[in-house]
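Single-structure report; data block below.
The values are calculated or read from the model by the stated rules, or taken from the named source; none is laboratory data. A quick note: this is a predicted structure, and the numbers were derived from the prediction, not measured. All Cβ positions, glycine included, derive from the backbone under ideal geometry; neighbour counts span all protein chains shown.
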Amino acid sequence: MRNPNIHLVVVGSSNTDLVIQCPRLPKPGESLVGGEFARFAGGKGANQAVAAARAGARVAFIGAHGDDEFGRTAKAGLRREGIDVRYFKGTKSAPSGIALILIGGKSRQNLIAVARSANDSVSAEDVEKACAVFRGASAVVCQLEVPAGAVEAAARLAAAGGIPFILNPAPARPVPARLLRLVHTLTPNEHEALLLTGEQNPAKAAALLLKAGCKNVVITLGARGALVVDRNGSRLVPACRVKPVDTVGAGDCFTAWLSVGIAEGLTLDSAAVRAVSAAAIAVTRHGAVAGMPLRSEIS
């Protein structure tokens, strides 16, 4: 059931995921044959928008798609989830986003390559034109699959409205200090935390990110759960044991559910516990968007 009082703005990417299930991930220069192919809706922004909508929030999505079948299908899919797509713009200057994904072996780990696309056209001006959807928002969520200018514009609008700004710093790339200072909660995985800080130890990396200006840091640890770090210290939220079939989108599921929990006024620990549970369900299903759980499935 959707809570009309919880409103998230998600600024980010939309992709179509072209997925091959492999017996294992190939080595550089190696070709593997015999994998099973499937096509799914994806993109970190769209994944998080759908996950948040299924978690019970009203969601507005700001992004871009090409004037092609992939883009029309992506927009229709978001609309079916009840997501506001007025600011999911179409453009003739670039194709819709495409991600090529290999999923391999018993671990179900993945390799992902994302093509240049309409996602790269999302600008600060696009975000500012959508300022109406920020009014009364409960949280604003971004990733790094769209240009930095759009992300920073969203952070500024959130700050101006006193709205929690949640940043999932993925794909991994440096984040300027001026942006980190606007972050309510940062949600890197271990690799992204290492890239941002140069520190391999997650707790030490989180401490450095707090020092850089983030109010809270929650580092996802895969099958080990998540590490919640704030001014009061660090706590491990363990994950329940499941048999994964597709880990694509697990981090997006986590970020979305954590953001909804923050928007609802849960403590960061309680929001993280629920987000870990949602992500554990997501990895037992195929497809990033398709695998996102419903609110009714989470205790």
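Let's see how each residue does on (1) at negative phi; (2) in a helix (DSSP H, G or I); (3) more than 20 Å from the chain's Cα centre (by Cα); (4) not aromatic (Phe, Trp, Tyr):
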{"position": "VAL9", "(1), (2), (3), (4)": "yes, no, no, yes"}
{"position": "SER13", "(1), (2), (3), (4)": "yes, no, no, yes"}
{"position": "GLN21", "(1), (2), (3), (4)": "yes, no, yes, yes"}
{"position": "GLU30", "(1), (2), (3), (4)": "yes, no, yes, yes"}
{"position": "VAL33", "(1), (2), (3), (4)": "yes, no, yes, yes"}
{"position": "PHE37", "(1), (2), (3), (4)": "yes, no, yes, no"}
{"position": "ALA74", "(1), (2), (3), (4)": "yes, yes, no, yes"}
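Evaluate the range 238-254: report whether one residue or more is under 24 Å from ILE6 (Cα atoms), part of a loop (DSSP other than H, G, I, E, B) and not aromatic (Phe, Trp, Tyr). Scanning the range 238-254 turns up at least one residue that is under 24 Å from ILE6 (Cα atoms), part of a loop (DSSP other than H, G, I, E, B) and not aromatic (Phe, Trp, Tyr).
Among residues of the range 1-47 being more than 22 Å from ALA290 (Cβ to Cβ) and touching a Cys at 6+ places or on another chain (Cβ under 6 Å), the one that is surrounded by the fewest Cβ atoms within 10 Å (Cβ to Cβ) is LEU32.
What pairs come up if the first residue lies in the range 183-199 and is in contact (Cβ under 8 Å) with a residue 24 or more places away in the chain and of a type in the set (D, E, K, R), the second is part of a loop (DSSP other than H, G, I, E, B) and buried (at least 19 other Cβ atoms within 10 Å of the Cβ), and their beta carbons are under 6 Å apart, counting only those six or more places apart or on different chains? Pairs found: none.
When the criteria are applied in full, GLY136 meets the requirement of being assigned to a loop (DSSP other than H, G, I, E, B) and surrounded by fewer than 22 Cβ atoms within 10 Å (Cβ to Cβ).
Of the residues GLY97, GLY105, the single one that is of a type in the set (Gly, Ala, Ser) and at pLDDT below 95 is GLY105. You will find that of GLY225, GLY251, GLY261, GLY287, the residue that is without any contact (Cβ under 8 Å) to a residue 24 or more places away in the chain and out of contact with any Cys (no Cβ under 6 Å at 6 or more places or on another chain) is GLY261 and no other.
Selection of the range 76-101 for residues being among the small types (Gly, Ala, Ser), in a loop (DSSP other than H, G, I, E, B) and crowded, with 16+ Cβ neighbours inside 10 Å yields ALA94, SER96. Could you tell me whether the range 165-175 includes any residue that is over 20 Å from GLU264 (Cα atoms), small (Gly, Ala, Ser) and out of contact with any Leu (no Cβ under 7 Å at 6 or more places or on another chain)? No - not one qualifying residue is present in the range 165-175. Residues in the range 107-125 that are within 17 Å of the chain's Cα centre (by Cα), under 11 Å from GLU145 (Cβ atoms) and not hydrophobic (A, V, I, L, M, F, W, C): ASN119, ASP120.
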